[in-house]
Structure formats: C-alpha cells, structure tokens
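Down below is the structure, laid out as structure tokens.
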Amino acid sequence: MGKQMPSLEDELFPSTPGKFKIERAHNMNRQVYRCFASTSTMFLWALFLIALTASYLSFQSFVDTGSRYLSASWGGIQWEKQVRNSAQIHRNGGMSVLVTGAAGFVGTHVSLALKRRGDGVVGIDNFNTYYDPSLKKARKSLLNNHGVFIVEGDINDAKLLVKLFDIVAFTHVMHLAAQAGVRYAMENPHSYVHSNIAGLVTLLETCKSANPQPAIVWASSSSVYGLNEKVPFSESDRTDQPASLYAATKKAGEEITHTYNHIYGLSITGLRFFTVYGPWGRPDMAYFSFTRNILQGKPITVYRGKNRVDLARDFTYIDDIVKGCVGSLDTAGKSTGSGGKKRGPAPYRIFNLGNTSPVTVPTLVSILEGHLKVKAKRKIVDMPGNGDVPFTHANISAARREFGYKPTTDLQTGLKKFVKWYLSYYGYNHGKPVN
C-alpha cells in the first residue's frame with residue numbers, strides 16, 4: 001500500500017503518547033509562538049503589499065496623466081503657432097474664419113475657397129466614424145497642403161473653443177459640423193442631439209462671450225421643410241412638420257440660433273442646403289453609393305414614393321453651395337454684443353441654397369450609367385417610413401437678391417466631375433480598380 005498522507009490531526013499531535021505527555025506543554029508554547037510569529041509576518045507582508053499597490057497606482061496615475069497630456073490633440077506652443085499661422089489674413093478687407101466640420105465634404109471645399117482668396121482659416125473636426133475616417137484624413141491632408149490647419153477636437157469641448165478664440169479674434173464662424181444623414185437617426189438618435197443641438201449651443205455660448213463677437217453662418221438643411229407639399233420650398237413656408245430626427249434637430253437649431261441672436265446680438269445666417277453632391281463627397285449619399293455599387297456589379301436600391309411616383313431631389317453641385325456659403329459670409333452683418341451683452345439688433349437671416357431643378361432618382365442613375373459606361377442592376381423598392389421625403393425643390397430668390405446666388409452646374413455636368421474624381425481617388429482605370 002502507498003504511504004498515507006497525514007491527517008490534520010496527525011499534523012497537530014504526535015503519534016507517540018509518551019513523548020506527547022513529556023513535551024506537550026513545551027510544544028504548546030512553541031505552537032503559540034509560531035502562530036504569533038506567523039501572524040506578525042503576514043501582517044507585515046500585508047502592509048508591504050498595500051504600500052506597493054498604492055505606490056503602483058500613484059505611479060500609474062502619474063503615467064496616465066502624463067500620457068494624456070503628451071498625446072492631447074491640442075495645446076502647446078507649437079500648436080498655438082499653427083493656429084495663428086493658419087488664421088493669418090492675406091488680402092485687404094479679409095476675414096479670419098473658424099470652420100467647424102472642416103474635414104467634412106462642404107467644410108473642405110469652403111475652407112479651400114476662403115484660403116485661396118486670402119482669408120485666414122482655422123478648421124476643427126472630430127473625425128468621427130459615421131463614415132470612413134480615411135476620407136476625412138485625406139481631406140485634411142489636402143487642406144494642410146493649402147495651408148489650412150485643422151484642430152482635431154469636438155465642438156462640445158468648451159475649453160478648446162475658448163482657447164481658439166483666445167488665440168485668434170475670429171471675425172466669422174462657418175459652422176458646418178453636424179451629425180448628418182436621415183436614416184442613421186433611427187440607429188443612433190443621441191448622436192444627433194449631441195452634435196446638432198448640444199454642440200451648437202456650446203459653440204454659440206463661446207461666440208456670445210467672445211470679444212469681438214464673430215458673425216455666424218451655419219448649415220441648416222432643406223430637411224426642415226419635412227412634409228411640406230407646397231413647391232418650390234420658400235424660406236417663409238411652415239417648417240413645423242419634420243419627417244426625421246435629423247430634420248427636427250436642424251429645425252431646433254434654427255430656433256436656438258434665433259434666441260442667441262435676439263438675446264446676445266449675434267449675427268446669424270442659416271443656410272438650408274439642398275442635396276449637395278460632388279468630388280470629395282459623403283459615401284452615405286445615394287449618388288456616391290450608387291457609383292460604388294455599379295462599379296462593383298452590385299445591385300442598387302432605388303426607392304419610389306406613393307402611387308409608384310419617382311423620388312426627386314434638387315441636386316446642388318458643391319461649387320454652387322460654396323458660392324452661397326462665401327456670399328453669406330461676405331454679406332453677414334456684424335454681431336452687436338460685447339462680453340455676452342447685446343448692444344443693439346443684429347441680422348438674422350435664413351436662405352435656401354439649391355439648384356431649382358429637381359431631378360428624379362432614376363434619371364440620376366441613368367446619368368451615372370452613362371458616365372461609368374456600366375449598366376446598373378436596379379432594385380425598385382417602395383420608400384419605407386424612415387424619414388425620407390418624396391421630393392425637394394428650392395426657391396432661391398432670397399439668396400439671389402441678397403448676394404447674387406446663382407447656381408451654374410446642372411446634374412449631368414456635376415456628376416461627370418464627381419465620377420472623374422471617384423475613379424481617380426479610388427484607383428480605377430477604365431472602370432476597373434487598379435491593384
């Protein structure tokens with residue numbers, strides 16, 4: 001048989017009775033001493049481990065704080081120098097403009113247009129992942145090559161905004177940062193409130209307290225017309241029936257900006273964009289995803305409205321939108337407040353920026369087929385109740401009257417330019433991707 005393991009009783013008491021009788025008292029004293037010594041040792045070890053843990057946590061906290069400081073995307077002498085250089089004005093009567101959402105589609109084009117004519121431009125963008133951030137990084141690189149510095153940060157960061165206004169006395173703000181997209185609101189509604197409402201208020205709070213206060217031009221949306229059936233859409237039409245959360249946040253933005261104009265004397269101009277398209281566009285837009293799927297041989301989903309009516313949009317080429325944005329900045333009256341206090345009435349304006357020539361979505365697809373020289377695999381589906389509206393059509397008479405806004409690019413010409421950019425950017429050669 002194998003040797004048996006000693007029991008707990010065997011460990012405590014010896015197997016020889018005589019020895020136990022003689023040494024019992026002595027052993028008991030020794031056991032008490034050992035227990036006491038063992039307890040003291042454990043206590044000391046516990047103190048040592050507690051001290052070691054506290055030291056580690058303290059050191060880790062120091063390292064984390066240092067890492068956050070070192071890896072911060074803004075702040076420091078070099079960063080401030082980049083902001084100042086980018087904001088420098090290089091023409092008589094020029095302006096210094098803070099462009100929010102500068103790495104976005106419209107933001108990139110507006111920033112380039114302002115910089116090219118000699119205005120100072122500083123961008124801010126949070127590079128979120130709503131769509132491929134690599135496209136935003138590519139736009140950032142394009143702007144950097146033209147001397148426009150983009151701060152990586154969020155418009156909800158009040159400290160960052162205050163710091164930027166401490167460095168540069170911006171004369172104008174072109175506010176284009178927003179959570180875009182109608183259908184995505186059903187997946188992530190809070191992102192719309194965070195960017196389009198909370199972010200807007202944070203920016204307005206900074207602007208109202210700036211000295212001097214800047215004039216503000218910002219992107220509303222044609223979506224605010226919602227279920228309006230009167231065409232073409234005019235700025236005086238009712239906008240209290242939004243069809244999507246995105247539209248509701250933009251409508252809320254119009255009411256909020258009116259409040260800041262009324263109370264604090266901020267000069268405010270809201271621009272209702274109508275379906276903007278063109279090079280460097282947004283991948284979530286229909287014309288962009290159609291192009292991608294047609295080239296990849298994948299089917300495209302074409303929605304239609306009630307009674308089999310084709311959806312129609314007032315597609316507006318990016319260059320025309322840029323002209324409207326710049327014209328709005330050039331004609332924006334000055335804010336009248338100082339230190340957060342209103343000194344007198346300030347301008348409050350809203351303009352439609354569209355093309356005034358709605359085109360059906362099937363016609364858009366046909367134009368793309370012609371430019372791509374590839375036949376689309378169309379899948380016709382009835383429009384779901386996801387916030388889309390059946391048509392848009394802009395009345396642009398107010399913008400034409402105020403600053404000479406006149407769109408010049410039709411859809412055929414604009415899509416040709418977009419396709420040329422798309423094939424070049426994504427490395428296509430004769431309709432096939434370059435490996």
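The values are calculated or read from the model by the stated rules, or taken from the named source; none is laboratory data. Being a predicted model, the structure only gives us computed values, none of them experimental. Because the Cβ atoms are built from the backbone with ideal geometry, glycine has one as well, and the counts that use them run over all protein chains shown. Note: areas computed on protein heavy atoms with side chains; ligands, DNA, RNA excluded. Shrake-Rupley method; radii C 1.70, N 1.55, O 1.52, S 1.80 Å.
Just a few scattered comments:
- Under the combined filter of DSSP loop state and at most 13 neighbouring Cβ atoms within 10 Å, region 105-210 retains these trypsin sites (Lys or Arg not before Pro): R117.
- Net +/- balance of residues flanking A252 in space, Cβ distance below 15 Å, scoring K and R +1, D and E -1: 0
- Its residues counted as N, region 157-284 yields a C-alpha radius of gyration over 2.2 N^0.38 Å of 1.11.
- Extension gain for the segment K334 to N92, taken as residue separation times 0.36 nm less the Cα-Cα distance, is 85.3 nm to one decimal.
- Calculated Rg and Dmax of region 322-367 using C-alpha coordinates, Å: 18.4, 55
- If you wrap the Cα atoms of region 134-193 in a convex hull and average its projected area over all directions, you get 5.6 nm².
- Within-11-Å neighbourhood charge of P407 [Cβ basis; K, R +1; D, E -1]: -1
- The calculated FRET efficiency for the pair R292 and S357, based on their C-beta separation and a Förster distance of 25 Å, comes to about 0.50.
- Carbon + sulfur, % of accessible area of region 285-348 - ligands and nucleic acids excluded, 1.4 Å: 49 percent
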